[in-house]
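No lab work stands behind these numbers, since they all come straight from the coordinates. Here the structure is a predicted model, which means the values were calculated and not measured. Cβ coordinates were reconstructed from backbone atoms using ideal geometry, including for glycine residues, and neighbour counts include every protein chain displayed.
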Amino acid sequence: MATIHVDGRDYEVDGADNLLHACLSLGLDIPYFCWHPAMGSVGACRQCAVKQYKNADDTQGMLVMSCMAPVQDDAYISIEDEEAKAFRANVIEWLMINHPHDCPVCEEGGHCHLQDMTVMTGHDSRRYRFRKRTHKNQDLGPFIAHEMNRCITCYRCVRFYQDYAGGGDLGAFGAHDNIYFGRFQEGTLESPFSGNLTEVCPTGVFTDQTHSEHYTRKWDLQFAPSVCHQCAVGCNISPGERYGDIRRIENRYHGDVNHYFLCDRGRFGYGYVNREDRPRVPEWRERQRVDAGPGAAGVVGGTISLEIDDALDRAADGLRSARRVIGIGSPRASLESNHMLRTLVGDENFSTGIDARELELLVRMSELNTRCGLPSPSLREIEACDAVLVLGEDLLQSAARMALAVRQAINARGDALAAERGIPTWNAEAVKTLAQEAHHPLFLATPEATGLDELAERTLHAAPDDIARLGFAVAHCLDAEAPAPEALDDVTWALARRIGEALLAAERPLVIAGGSLGSPAVLEAAGNVARALARRAQAGALSLVRREANSTGLALLGGQSLEWALDLLANGDADGVVVLENDLYTRAAAARVNPALQRADCVVVLDHQRTATWEKADIGLPAASFAESDGTLVSLEGRAQRFYQVFEPSYIRPETRIRESWRWLNALKASVERQPVTPLTLDEVTREVAATHSVLAPVGDAGLSAAYRVHGLRLAREPHRYSGRTAMRANLDVSEPRVPQDPDTPFAFSMEGYAGYDEPRREVAFAWAPGWNSPQAWNKFQDEVGGHLRAGDPGVRLLAPLPGDYDYVRDLPAAFAPRDEQWLAVPQPRLFGGEETSARAEPIQARMDATRFTLSARTAERLRLTPDAAMTLILGERRLTLPVTISATWPDGTVGVPSQAGLPLAAPEWARLEAGEVSA
Amino acid sequence: MSRILQDRDERRPETHPLTFRLNDDGTPVMLEAYREQQGYASVERAFRDLTSKTLIEELKTANLRGRGGGGFSAGLKWSLTMQGEGIPRGYIVCNADEMEPGTFKDRLLLEQQPHLLIEGMILAGFANNAYQGYIFMRGEYVDAARTVQRALDEARAAGWLGRDVAGSGWDFDIALHTGAGRYICGEETALINSLEGKRANPRAKPPFPGQSGAWGKPTVVNNVETLCNVPSIVLHGADWYQGLSQGKSGDGGTKLYGVSGKVKRPGLWELPMGTPATELMERAGGMREGHTLKTWLPGGGSTGFLLPEHLELALDFDTIGNAGSRLGTGLIAVVADDQSVVSLTRNLEEFFARESCGWCTPCRDGLPWSVKLLQALEAGEGERGDIDLLESLAVDLGPGRTFCAHAPGAAMPLASAIHYFREEFERGVTRGQGVAHADPIPVGSV
């Protein structure tokens, strides 16, 4: 700690910080551009100048850039000094020389850091009277709009893109006052983190193209704290709504999970919420039972829209007349919705809706998180790890934000080296210079080459069983009691020894595995490594990647597999089914789903998407998406987090009958029981979830109860400058209705309510503080800039390692043996297109890679396939024809099937391959 | 070709350590001739009698100050290079990116006496525990590059470079790297970035290159002339070196001085450090017929203008510094009475604005603004307030406010030109009455 004197007041600060970091953390305002809490200082923009004095008696002082000035004990500085103030105003004036002053038509306007800093410095009139330099812009793809004339050359974009996120296709070009930030030629930005440019850029050079399609100023958006539903990482988001549509998704700062950054799937994948074809009223489908074979259409006849009561009555009638009703839940639905379904159908009739093999892995992952001795780390904890082994996960595809955290962990070797040489870790360019190519050890074992390979000390590209065998060998190297794989080759043994050595040498080793390959062996191998580490090392962590937003939660909630449900229905052992937010066709072959749904007498589907399953429903109930509902998800870290309703859909579209699934299910239950529907609130359901499942007992603490108030006020969803409220429904009704009431959360659908930062709170709908309209306003909510929210970061962790000495798994796979006429079809996770709901968003579709099989060169030779040639994969009844990619690293004897291919493949399966298209 | 304008008779080994070997016809002194004239004797002495520590002490005592223009003690710089347990061996980088306007002294040494530089670099490598040297040479110095490369080949063949230098058991080699034409590469850390293949942006200091330089390893960057001074110091000692300045300056040694502009005999001379500018003007034969001296730059475009009355001053770092300018490279550029200071300043600022790397705001955006204001004044389209604005820019482009020394260098001629020749600038102000934005703008009024 150090004491600094700022404008006559004394403060205690961390002596390892720079002055800017320290002052901002104290809540003092110093304008800045090039500095970023996640990226450190570079001293480029000169905006954060303050006066520093030698001692109490020095009246002269000198200007220093506070971002580059280390905190010194007993330092005297002045932010208010006239010379410093004048210099800061001049810096803005220089930055404005070539800036187009196009705020009224600029999409950054209203949440622009440059606007904020300009106002803060007081520069309000220009003296420059000459021509401005102009640039041409580039088409950077479906996510990012580019307007280089607004650039103030702070270099943040390239520092984020290259240094933080490892992207190679955005750079700084030119020199002097003609610096250009862009690609060497037009084209889609390749980094899956490109969306962060929109928040990293302090002005309107890089803006959200998807927002542009239906632009609304920040102050006119309605926000709620939400959690990304597009994978299992659990990043916190701040979706903004206007006129019943989500207009953009901004990062919501979480000190332990996503910090300042999201992946592009999470940021740009919201379009499914706004789809025109979404079910918005209940539907009833008349059908004639066709007892034809598999594949025949189950529903014939028309669709009729229903009012709520009618829909509930018909659904209740159908379910009451069934002999046995089962429920099929969903890993993309909240704990509350799944729980209410389970309550409706009874514990013994509840299926998770997850493929049996995936469910087995999910259950096993929950066990490993508690019974292998190592904790499940947050992303912040991952960033602090100093040796990483990844088994079977292509993280950039399966948990992209985690890949970004792993990158920081590996690059943090530079921080360690800098500390040895007395270079402060915030001195970003100096650390980079010193580090050069130095990394903490990273070892990757995946079937295909991944985007992290360039950072890895060693990689192994192999079939799932061989990846598992490497893992088992590592465990054996760490602890001789762990079983060794038989007949392992010397090269792999050497690799395993090196990995074991690196993990043991580390202070905080990390093992990452997961369910992407559908391989229990890979998971068990990771478990053995974790156990061995728990026995040998002081600290360590095990992170297990799940696929969907609530995969972890649903596994903890428990239930049967999807196959179990489909079998019951197909065999006639159950004749009524309620499907919750789950397109069964994405998880099981049509040949299995069709007979099950046909044979059922009553199919009720709740969803917010018009899926193939929805089209088979007798009664379809329009469910709320994450944007219109509240609930709790459990992330892959084991963190239960609450997401809050962003807007009430019926306010702008009075004809909609969208309800939260848990609310539908409560009403349906009452209807089935011929009871009047008693109003139910989220808090009640969450309490019930907590009371029913001991492992979920803390979920009540995951969010704020509806009774929470600040100074007696609800929390505002809308900024206090929200405009047009009285006019926005004028085309529907001349009188303005009362704003929707929210019985479920402490948030109001209104600008009225608390929206400040001075009262610490965990759940922040939108970051705003006086003078701070941009995302930089998060500074004001943190205990120190870049740290934790002052009230603590949201969520509650459910999975902690139980004490105990856990024995090793001893059932080890043999080496992968290619077969003569068959190939092992291995699932490949895909960031864009590999997730059901975001794949329905147009910008994501535009960003999807071509759907192709991946093969080894030897397989291609054998099948006489040239690159891009078509190939058919035959899995029993299922056939899929796609072009091929021939990969030098892909393991022989296997074929990669990308997750967007539409062929449900939860685990590796032996398939036949034929060149060309093969008709069924 | 650069020429030394002193006869062989004047250039004695005991008084002209930098130039005594040079041929009168300007042909390069290659290895054989160089060896015959004490060449590489200092390396032999260092291996025999000195350690890294004692060599650096000798250099410190000699008070050799950096000849690239900074004037920082070379011995002190070397003593700050990290060495020892756990510290990797680093680099010696010779800054031969001579692009300072009006400067052509390093070129002489590179073109005509490359082995002196190599010898100096070997000593630097020995003292700083480096294993590799780089000569970062201005791309346009094509002849120099050819000569230096020949010399490197000769030195390597003769065992002065490579493995086991001169039987010492110590390895050191030197590679030649030619630049792609950016003035900022003369800034030592920008030079290092460029050498690494990165954008030629300067680096923040600290850490200094001696702590973390090229590729993150301890690195010493010295100017050509600085390195060329080292062999004679090692060979003859610090006291001898101190004596070379003949009491004209507190700084030791000799200096390659030069004069350019409208003088009768522009050129280069090796003279005692602290020689007054009048003597240089005499050696240059005075102003050409019909011209009188209006003003002069003491050491390149990035130094401040001085007046004829300042010619009496000793040309050393402290004296010129105290007069409000900088010694810089010590090659003075004279400005004749018929030359416009406004145009000259505009020309210089255009150069500096173009050569800004674009990293920090004042330099990147402030310098081009100054150019546009100067262009307006030059064209007689200046507005009231323009000169005040230029003066305020010159302050904001000063030391500490910008990321590196580039903009402060650019600010020196600008500030001094206005200081001494304000009326010339005022002649360019033709507008202003009633021009709304010519009034000073109040700031900080929120």
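Considering B:Ser325, B:Ser370, B:Ser302, B:Ser343, the condition of being in contact with a Gly (Cβ under 7 Å, 6 or more places away or on another chain) and either closer than 24 Å to A:Asp177 by Cα or in a helix (DSSP H, G or I) (or both) is satisfied by B:Ser302 alone. Of the candidates B:Lys248, B:Lys205, B:Lys198, the single residue that is more than 15 Å from B:Leu123 (Cα to Cα), part of a loop (DSSP other than H, G, I, E, B) and more than 14 Å from chain A (Cβ to nearest Cβ) is B:Lys248. Out of curiosity, is A:Gln538 in contact (Cβ under 8 Å) with a residue 60 or more places away in the chain and of a type in the set (S, T, N, Q)? Spelling it out, it is not the case that A:Gln538 is in contact (Cβ under 8 Å) with a residue 60 or more places away in the chain and of a type in the set (S, T, N, Q). Select from segment B:70-101 the residues that are closer than 23 Å to B:Ile4 by Cα and crowded, with 24+ Cβ neighbours inside 10 Å and write down the one among them that is nearest to the chain's Cα centre (by Cα). Taking the candidates together, the pick is B:Glu98. Among the residues of segment B:213-247, those identified as in contact with a Ser or Thr (Cβ under 6 Å, 6 or more places away or on another chain) and either farther than 30 Å from A:Val431 by Cβ or without any contact (Cβ under 8 Å) to a residue 60 or more places away in the chain (or both) are B:Gly216, B:Pro231, B:Val234, B:Leu235, B:Ala238, B:Leu244. Scanning segment A:352-360 turns up no residue that is within 14 Å of chain B (Cβ to nearest Cβ) and more than 23 Å from the chain's Cα centre (by Cα). If you go through segment A:588-614 and pick out every residue that is among the hydrophobic types (A, V, I, L, M, F, W, C) and assigned to a loop (DSSP other than H, G, I, E, B), you end up with 4.
For segment B:208-243, a residue qualifies if it is buried (at least 24 other Cβ atoms within 10 Å of the Cβ) and not in a helix (DSSP H, G or I), and the qualifying residues are B:Pro209, B:Ser212, B:Gly213, B:Pro218, B:Thr219, B:Val220, B:Val221, B:Asn222, B:Asn223.
Residues of segment A:453-468 that are part of a loop (DSSP other than H, G, I, E, B) and either crowded, with 23+ Cβ neighbours inside 10 Å or within 14 Å of chain B (Cβ to nearest Cβ) (or both): A:Ala462, A:Ala463. Residues that are within 11 Å of chain A (Cβ to nearest Cβ), more than 16 Å from B:Pro413 (Cβ to Cβ) and either buried (at least 23 other Cβ atoms within 10 Å of the Cβ) or charged (D, E, K, R) (or both) within segment B:383-395 comprise B:Glu383, B:Asp386, B:Asp388, listed in sequence order. Of all residues in segment B:324-370, those satisfying the criterion of being more than 14 Å from chain A (Cβ to nearest Cβ) and of a type in the set (A, V, I, L, M) are B:Leu327, B:Leu331, B:Ile332, B:Ala333, B:Val334, B:Val335, B:Ala336, B:Val341, B:Val342, B:Leu344, B:Leu348. Screening B:Thr61 against (1) under 23 Å from B:Gly237 (Cα atoms); (2) surrounded by fewer than 24 Cβ atoms within 10 Å (Cβ to Cβ); (3) under 21 Å from the mean Cα position of the chain (by Cα) leaves a single unmet condition, (3). Considering segment A:423-437, the residues that are free of Cβ contacts under 8 Å to residues at least 60 places away in the same chain and either assigned to a helix (DSSP H, G or I) or more than 8 Å from chain B (Cβ to nearest Cβ) (or both) include one that is farthest from A:Gly40 (Cα to Cα), namely A:Glu437.
Every test in (1) in contact with a strand residue (DSSP E or B) (Cβ under 7 Å, 6 or more places away or on another chain); (2) crowded, with 24+ Cβ neighbours inside 10 Å; (3) more than 14 Å from every other protein chain (Cβ to nearest Cβ); (4) not acidic (Asp, Glu) is passed by B:Phe104 save one, and that test is (2). Return a yes/no flag: does segment A:493-501 have any residue that is part of a loop (DSSP other than H, G, I, E, B) and either of a type outside the set (A, V, I, L, M, F, W, C) or away from every other protein chain (no Cβ under 14 Å) (or both). Checking segment A:493-501: not a single residue is part of a loop (DSSP other than H, G, I, E, B) and either of a type outside the set (A, V, I, L, M, F, W, C) or away from every other protein chain (no Cβ under 14 Å) (or both). Please verify whether segment B:166-175 includes one or more residues that are closer than 25 Å to B:Gly39 by Cβ and assigned to a helix (DSSP H, G or I). There is at least one residue in segment B:166-175 that is closer than 25 Å to B:Gly39 by Cβ and assigned to a helix (DSSP H, G or I). Does any residue of segment A:86-105 turn out to be among the β-branched types (Val, Ile, Thr), more than 8 Å from chain B (Cβ to nearest Cβ) and in a helix (DSSP H, G or I)? Taking every residue of segment A:86-105 in turn, at least one turns out to be among the β-branched types (Val, Ile, Thr), more than 8 Å from chain B (Cβ to nearest Cβ) and in a helix (DSSP H, G or I). Filtering segment A:39-47 for residues that are facing chain B (nearest Cβ under 10 Å) and hydroxyl-bearing (Ser, Thr, Tyr) leaves a non-empty set. Could you check how many residues of segment A:853-875 are surrounded by fewer than 19 Cβ atoms within 10 Å (Cβ to Cβ) and in contact (Cβ under 8 Å) with a residue 40 or more places away in the chain? Counting residues in segment A:853-875 that are surrounded by fewer than 19 Cβ atoms within 10 Å (Cβ to Cβ) and in contact (Cβ under 8 Å) with a residue 40 or more places away in the chain gives 6. For the criterion of being of a type in the set (Asp, Glu), closer than 30 Å to A:Trp426 by Cα and touching a His at 6+ places or on another chain (Cβ under 7 Å), A:Glu93 passes. Filtered by the rule that a residue be part of a helix (DSSP H, G or I) and more than 8 Å from chain A (Cβ to nearest Cβ), segment B:396-405 gives no residues. Taken over segment A:737-759, the criterion of being of a type in the set (Gly, Ala, Ser) and more than 18 Å from A:Ser705 (Cβ to Cβ) is satisfied by A:Ser750, A:Ala755, A:Gly756. Under the condition of being touching a strand residue (DSSP E or B) at 6+ places or on another chain (Cβ under 9 Å) and touching a residue at least 40 places away in the same chain (Cβ under 8 Å), the residues counted in segment A:344-361 number 10.
Residues in segment A:569-586 that are part of a helix (DSSP H, G or I), buried (at least 21 other Cβ atoms within 10 Å of the Cβ) and over 30 Å from the mean Cα position of the chain (by Cα): A:Leu569 alone. Taking segment A:156-175 as the range and being buried (at least 21 other Cβ atoms within 10 Å of the Cβ) and either closer than 19 Å to A:Met96 by Cα or in contact (Cβ under 8 Å) with a residue 60 or more places away in the chain (or both) as the test, the residues that pass are A:Arg156, A:Cys157, A:Arg159, A:Phe160, A:Tyr164, A:Ala165.
Every test in (1) surrounded by fewer than 17 Cβ atoms within 10 Å (Cβ to Cβ); (2) under 29 Å from A:Glu842 (Cβ atoms); (3) within 14 Å of another protein chain (Cβ to nearest Cβ); (4) of a type in the set (D, E, K, R) is passed by A:Lys136 save one, and that test is (3).
Condition check ((1) within 19 Å of the chain's Cα centre (by Cα); (2) surrounded by fewer than 24 Cβ atoms within 10 Å (Cβ to Cβ); (3) more than 9 Å from chain A (Cβ to nearest Cβ)) across all residues:
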site: B:Lys372; (1), (2), (3): no, yes, no
site: B:Ala379; (1), (2), (3): no, yes, yes
site: B:Ala410; (1), (2), (3): yes, no, yes
site: B:Pro413; (1), (2), (3): yes, no, yes
